[in-house]
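Here the structure is laid out as structure tokens; the discussion comes afterwards.
Rule-based calculations on the coordinates, nothing more; no lab input. Everything numeric here is computed off the predicted structure, so don't read it as measured data. Heads up, the Cβs are rebuilt from the backbone with ideal geometry, glycines too, and the neighbour counts pull from every protein chain shown.
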Amino acid sequence: MSKVEITQRRLAATARGVGIMCDFYIDKAKNAELWDTEGNRYIDFAGGIGVLNTGHLHPKVQAAVAEQLTKFSHTCYQVVPYESYTEAAERINAKAPVNGTAKTFFLTTGAEAVENAIKVARSFTGRPGIISFQSGYHGRTNLTLGLTGKVAPYKLGFGPFPADIVHAQYPNELYGVSSAEALASLQRQFKTTIDPKEVAAIIIEPIQGEGGFNVTPKDFLQGLRDICDEHGIVLIFDEVQTGFARTGTLFATEQTGVKPDLITMAKSLAGGFPISGLVGKAEIIDAPAAGGLGGTYAGSPLALAAVLAVLDVIEEEKLCERSQQLGDKLRARLESLKDKIPQIRMVRGLGGMIAVEFMKPGTNEPDPKFTKRAQTHALENGLILLTCGMYYNVMRFLFPVTIEDEIFEESLGILEAALTHAAATAEA
Ligand SMILES: Cc1ncc(COP(=O)(O)O)c(C=O)c1O
């Protein structure tokens, strides 16, 4: 069936609210490449939004899941448990850069991991309040939308959101907000909006994902750690998008010099299989009573087989180092284009988590149209790219860290051609 016919059926049968970027339908995929139902080939720099650090169908991940499928696919862990859940928790606990001895439990989606982080923090502190940040993103459930600091398109028409959430100022030097100013602003909110003794948790992404790949300054994170220690608040780092070798380390937290109490994980934890988790300080994780945590599919045995394989692959293939190398290469290429493409305002990121922000030349005005033109040109030439940022003027790169060298080089060529095209077609 042609893609036009499938699209007609899709529009008639499925919800409009599920917005779709590509106008083609995938047939198959391998590592960094995918092919559509009409035989066209694409290089995937979206990775299912940061899920595929180990690529599409890594042979070890595929084999581990296939083997699990010969044994059992589901019991509900809370009914009949399996050892792989404990093994995966042990391996994550040994690596997680949290404050003190760690414990872990598993869920299914990133939003669910965030919801559970809040549940655990409230249970531990007995307090209701949560501080999250402007331009932060934490998911699409009602509570996580409440935490999310970007209105369109995520929150439009979906309120009311839960009470006791305060959005604090996020430090972003490019937009004129320093760490010191953001910390001072939070202290003012403690005077005007919420008593810090009523705050259960502060939740922040070490690098904002949807918000624009903004690297949260280390002094700001240290400032939050100090505030949490002073007032008995739980510090949560949301590593759903930054985790599992994306930033050059297993957790981005390792590079912050700050230890949070809880870390959310999902996406590249399992190379494409739906699972998420929460790792954190044992006494905090153990606050809820038995029966308070879990879910029918939470910690699926198929996804856990993938988790164990992903952890092996990251080590065996030295994916943290590779992420750093690929990120350095991409960053250098983008920096080298600054003279030719004056819309390039800032190249930023950590390890392989790189983005480029575009503004109209010589101004501080975000240029979403330039960004869209470049994204469209790249897609027409076989490179799938995602944008992000409060003003849709940031292009982010979420290539598989396992990408072959020659395919990475090919991608950089398509990217350069797309940016050159977008610059050449800029409005006067
Ligand atoms: C930082 C962060 N937290 C939470 C989520 C929500 O994850 P999910 O879409 O799996 O619910 C995302 C998704 O993009 C994310 O980037």
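The table that follows gives values for the structure above.
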{"read-out": "In order through region 378-387: 3J(HN,Hα) via Karplus (6.51 cos²θ - 1.76 cosθ + 1.60), integer Hz, x for Gly, Pro", "value": "4, 5, 4, 9, x, 10, 8, 10, 10, 10"}
{"read-out": "Fraction of beta bridges assigned by DSSP in the chain that are antiparallel (%, nearest 5)", "value": "70 percent"}
{"read-out": "Loop-located chymotrypsin sites (Phe, Trp or Tyr not before Pro) in region 361-410, at most 13 other Cβ atoms within 10 Å (DSSP)", "value": "none"}
{"read-out": "In range of the label at ASP164: residues from region 135-158 whose backbone nitrogen is under 20 Å from the point 7 Å along Cα→Cβ", "value": "138-139, 141-149"}
{"read-out": "Phi-based couplings in Hz for region 225-231 (Karplus 6.51, -1.76, 1.60; Gly and Pro marked x)", "value": "4, 5, 4, 4, 5, 5, 10"}
{"read-out": "Residues with amide H under 5 Å from that of VAL177, placed H, sequence gap 5 or more", "value": "ASN172"}
{"read-out": "Loop chymotrypsin sites (Phe, Trp or Tyr not before Pro), region 52-102, which have at most 12 other Cβ atoms in a 10 Å radius of their Cβ (DSSP)", "value": "PHE72"}
{"read-out": "Residues listed by number, region 378-412, amide nitrogen under 17 Å from LYS30 label point at 7 Å toward C-beta", "value": "400, 402-408"}
{"read-out": "Qualifying lysines (Cα of each under 25 Å from Cα of LYS3; at least 8 residues distant if same chain)", "value": "LYS28, LYS30, LYS372"}
{"read-out": "Label-point separation, GLU380 to LYS71 (7 Å along Cα→Cβ), nm", "value": "5.1 nm"}
{"read-out": "For region 182-193, 3J(HN,Hα) per residue [Karplus equation, 6.51 cos²θ - 1.76 cosθ + 1.60, θ = phi - 60°, Hz, x = Gly/Pro]", "value": "5, 5, 5, 5, 5, 4, 5, 5, 5, 8, 9, 10"}
{"read-out": "Where trypsin sites (Lys or Arg not before Pro) fall in DSSP loop in region 1-101, at most 12 other Cβ within 10 Å", "value": "ARG16, LYS71"}
{"read-out": "Full-stretch length increase - GLU409, GLU198 - with 0.36 nm per residue and alpha-carbon distance subtracted", "value": "70.8 nm"}
